[in-house]
């Protein structure tokens, strides 16, 4: 089993809709969870991080964490064409500061 | 804040030559930096953890003699790809944390290496 798994996509949503991205992880000891956005040919940029169960909102982005179920999700509200990118879920390796990345979900927002 | 600068952004070299990539934290000190490699349409793979003032820690399967890492100061880490081969062509990205423990990683802009 991979340490971090994401729905592979691609995910296509119309402009203005909500894009929902899911991520599951295998290590119950993981404590830190991150979402990165990566445009084609560019390096990842941090979108959100979450450490506690529940929801965390930042602008149009909401991260949701459920440690009992070992999943973390990202919602993008009012999706814009500029949100079209690959979204990477990253989880820390328990008792370590290293991050393990999922394969990414490619999102396309249709104008 | 939390700017990580990486240079060069792209490089083309011939087989057998060496290439050095620099990673700098511009507005913070980074005792630890991380080097990743990404092949097309694949996710990031951690190559090594660069520790200021000590030897780098390499992930399994990464040749330490081929990918030389030097973390000479709190703001600079370098990755040298020695005796490059076409299969080393990839997107190399460095990253650093602003704090310790579980603080987020901030990435440099990456270096696209093409070995001919």
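Throughout, read-outs are computed from the coordinates displayed, never taken from laboratory work. All values reported here derive from a predicted model rather than from experimental measurement. In this analysis, Cβ positions are derived from the backbone assuming ideal geometry, glycine residues included, and neighbour counts consider all displayed protein chains.
Numerical summary
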| quantity | calculated |
| --- | --- |
| For segment B:46-79 and segment B:1-45, distance of Cα centres in Å | 11 |
| Listed residues B:61, B:16, B:53, most fluctuating in chain B (Gaussian network, C-alpha, under 10 Å) | B:61 |
| Length-normalised contact order for segment B:3-71 - Cα pairs under 8 Å, 6+ apart - percent | 21 |
| Which of B:65, A:96 has the fewest Cβ neighbours within 10 Å, and the rest in rising order | B:65, A:96 |
| Averaged over B:25-36, number of beta-carbon atoms from partner chains that fall within 10 Å | 1 |
| Highest-MSF residue in chain B out of B:60, B:29, B:97 [GNM, Cα springs under 10 Å] | B:60 |
| Packing-based order for A:105-111, B:102-108, using average beta carbon neighbours within 10 Å, highest first | B:102-108, A:105-111 |
| Inter-label distance, nm, simple model (7 Å from Cα along the C-beta direction), residue B:98/residue B:60 | 3.4 |
| Ranked list, fewest to most other Cβ atoms within 10 Å of each Cβ, for A:100, B:83 | B:83, A:100 |
| Ranking of B:20, B:14 by count of other Cβ atoms within 10 Å, fewest first | B:14, B:20 |
| Listed residues B:17, B:82, B:49, most fluctuating in chain B (Gaussian network, C-alpha, under 10 Å) | B:17 |
